[in-house]
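**Q** Dumping the structure here so I can ask a few things about it.
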Amino acid sequence: LALYGLHLFLYYKRGYLLFEEIVQGVHDQDENSMIMLMDEVYKHYTPSGFSNIVHWTTGCQEQNVSSDYDFDARFPVYNRFDIESSQHICQRMKLAYIRGHEFHAMRETVPAIVFSGELDPITPPAYGAALARDIGALGHFVVEEQSHGVAFDRDNACVQKMLTAFLADPQQKLNTACLRRDAKAAQK
């Protein structure tokens, strides 16, 4: 459970700041550190501002929940109930696995941009660059001094402004000046 918590912690905005301390606590079997880890994970999970719709859309369409999530007794984080619940949610939301040929057809017609957090330990900027290349994205933007999920960070006015402009007109050239300005302000 502690290792699963550590994995989840990598998804949180500033989780990386406490990571070394928590790893040491787990290594020392310090119960207080493990309790702090779990408290932080669950405290940040619900009110993080991350959209559950985005989460399920991604999970249901990227992974075939009827096969990829088959129960594996060696990795008991997902049990049969978790798998069936995921499948049920995907079915209710009418979200299905997107097969390779369908994905390639979409990439030709659906414009996209990709944001990466410079300090993201779980999906580093190199992953974002690969994703942008693979989906034919119109741009890949690395946001300095930020971690995971920067595109969904409602407190990042720069990214929100760029996303809003992109959604209004995907073909326009985006103004990225605020990315540099935000990074300079963070250094002061």
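**Q** Using θ = phi - 60° and the Karplus relation 6.51 cos²θ - 1.76 cosθ + 1.60, list the HN-Hα couplings for the stretch 114-129 in order, rounded to whole Hz, with x at every Gly or Pro.
**A** So the Karplus estimates, Gly and Pro as x, are 10, 10, 10, x, 4, 9, 6, x, 8, 9, x, x, 4, 5, x, 5 Hz.
**Q** Heavy atoms of the protein only, probe of 1.4 Å, neighbouring chains included. What is the accessible area of THR109 in Å², nearest 10?
**A** Number for this one is 110 Å².
**Q** While we're on this one: Under the 0.36 nm per residue contour assumption, what length would be gained going from the current alpha-carbon distance of LEU167 and HIS7 to full extension? Don't jump to the answer; show the numbers that get you there.
**A** Working: separation 160, 0.36 × 160 = 57.60 nm, distance 3.18 nm.
Here the answer is 54.4 nm.
**Q** Work out the P(r) tail for the stretch 92-173: percent of alpha carbon pairs separated by more than 15 Å, whole number. Write out the running numbers ahead of the final one.
**A** Values: 2078 of 3321 pairs.
Cα-Cα pairs in the stretch 92-173 separated by more than 15 Å: 63 percent.
**Q** Also, I was wondering about something else. Kindly provide the trypsin sites (Lys or Arg not before Pro) of the stretch 104-165 that DSSP labels as loop, not H, G, I, E or B, and whose Cβ sees at most 12 other Cβ atoms within 10 Å.
**A** Working: sites: ARG107, ARG133, ARG154, LYS161; in loops: ARG154.
Those satisfying the criteria are ARG154.
The values are calculated or read from the model by the stated rules, or taken from the named source; none is laboratory data. Please read all numbers here as calculations on a predicted model, not as lab measurements. We place every Cβ from the backbone using ideal geometry, glycine too, and count neighbours over all the protein chains shown. The accessibility values were calculated without ligands, DNA or RNA, using every heavy atom of the protein model including side chains. Shrake-Rupley method; radii C 1.70, N 1.55, O 1.52, S 1.80 Å.
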